[in-house]
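Report on the structure given below.
Computed from the coordinates by the stated procedures, all read-outs in this text should not be read as laboratory data. Every value quoted in this text rests on a predicted model; they were computed, and no experiment measured them. Here Cβ is always computed from backbone atoms with ideal geometry, including for glycine, and neighbour counts include all displayed protein chains.
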Amino acid sequence: MKPEGDQTPRICPRCNNIATIRVKSRLWFELCFVPLVPMSSKHLWVCTVCQWSVPLQQGWEPALPGYGPQPGAQAQWQAPPYGLPPNAAQRGYDPGYPATSPKPA
């Protein structure tokens, strides 16, 4: 994969890091692990942190950092569920050590 076009980092929709760039990926015909003939190429958006990738689509691109929502984009944020998690009443790991240990004489 080679970086292509404007290399301004964008916000990854999967991990929310500012690490998404535009790249060009090529598929090569190989003989004994030597690339000989380029067979096809794709233009992608790729996150360098979580390896998320999506083909380049007309009219859509990841958001630029610090500029708010893009025009025409719908919010994908959901409110977190309220209340305690299902295991909130359970205690964590308890090895069973006594509260006070006797001191050797």
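Summary of computed values
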item	result
Total formal charge among the other residues, if their Cβ is under 14 angstrom from that of SER40, Lys/Arg +1 and Asp/Glu -1	+2
Local electrostatic count, ARG22, Cβ distance below 14 Å [Lys/Arg +1, Asp/Glu -1]	+1
The stretch 1-53 - Debye-derived log10 I(q)/I(0), Cα point model, q = 0.19, 0.23 Å⁻¹	-0.66, -0.80
Whole-Hz couplings from phi, Karplus 6.51/-1.76/1.60, listed for the stretch 44-56; x for Gly and Pro	9, 9, 10, 8, 7, 9, 9, 6, 5, 8, 8, x, 5
